[in-house]
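Here the structure is laid out as structure tokens; the discussion comes afterwards.
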Amino acid sequence: MNENKETRPVRNVEFSQIENLHVVRGEDINGTGRLYGGRLLSWIDETAATCAQRHSGLEITTASIDNLTFKRGAYSNDVIVLVARVTYVGRTSMEVRVDTYIEDKEGYRHPINRAYLTYVAITRDGKPLPIPYGLEITKENEQMEWDAAELRRQNRKKRSVEGF
Ligand SMILES: CC(C)(COP(=O)(O)OP(=O)(O)OC[C@H]1O[C@@H](n2cnc3c(N)ncnc32)[C@H](O)[C@@H]1OP(=O)(O)O)[C@@H](O)C(=O)NCCC(=O)NCCS
């Protein structure tokens, strides 16, 4: 499929896909008995960063986090599953989507959050560095994600011009 004009060697989505699991403990709970939003955010960032690092094979830094919507709360002893996959690879940046679920005792996954994070590959002194691998797109849903990521990228550029 791969409609994007890629000239680099490619790695597919599965190559860097990460699945992470956390059990919600007492220290993760806020005053209303729910999982802290900030704790979930750090789990999301950690999972997505590992995915971006695996795709690029380089040091990376978080450039932006967006489309972060909390659909429902999580509580003590809930099993939280985070799934991260690369959706877009630019010259020096990558977008990673993270879907977060509560997994019940039967193994069914109930979505609680979806986030898109952008990572930039960097040199030791923090300068953007070209990513050596493009993304191989083989499935229709991967192409749809890629196309949507291009729109999100334009929106991020617009937002940064507008100053937020
Ligand atoms: C991310 C960072 C390295 C980008 O550096 P920069 O000099 O602005 O880089 P450029 O303008 O050359 O852009 C480099 C890439 O980053 C992307 N980018 C820059 N700012 C971005 C933003 N806010 N959101 C998403 N992508 C961004 C650009 O689109 C470009 O991607 P491309 O090469 O795939 O086209 C720099 O802004 C930085 O170090 N930020 C702090 C990161 C950090 O400390 N994160 C941890 C937070 S605790």
Revision key, fill the gap. Excluding near-sequence neighbours (fewer than 8 apart on one chain), the chain holds lysine pairs with C-alpha atoms under 23 Å apart numbering 5
Review point. Measuring from label point to label point, each 7 Å out along Cα→Cβ, what is the R159 to E140 span in nm?
Key: 3.0
**Study point:** Solvent-accessible area, 1.4 Å probe, carbon plus sulfur percent, for the chain
**Key:** 50
Revision key, fill the gap. Quick P(r) readout (segment 86-148; Cα-Cα; 10 Å bins; whole %) gives 19, 36, 28, 14, 3
Revision key, fill the gap. The summed charge of the S64 Cβ neighbourhood (under 12 Å; Lys/Arg +1, Asp/Glu -1) stands at +2
Revision key, fill the gap. In whole percents, the bins of 10 Å from zero upward hold the Cα-Cα pairs of the chain as 10, 36, 33, 17, 3, 0
Exercise for review: Rounded to the nearest 10 degrees, what's the angle between the helix 37-56 long axis and the longest principal axis of the chain, both from Cα atoms, 0 to 90?
Suggested key: 30
Study note, to complete from the structure: Note on the chain: contact order normalised by length, alpha-carbon pairs under 8 Å, 6 or more apart, percent, works out to 29
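How high is the FRET efficiency between H110 and E6 when r is their beta carbon distance and R₀ equals 45 Å, given to the nearest 0.05?
0.80
The values are calculated or read from the model by the stated rules, or taken from the named source; none is laboratory data. Since the model is a prediction, treat every value here as computed from it, not as a measurement. Here Cβ is always computed from backbone atoms with ideal geometry, including for glycine, and neighbour counts include all displayed protein chains. These area figures cover heavy atoms from the full protein model, side chains too; ligands, DNA and RNA do not enter into them. Shrake-Rupley method; radii C 1.70, N 1.55, O 1.52, S 1.80 Å.
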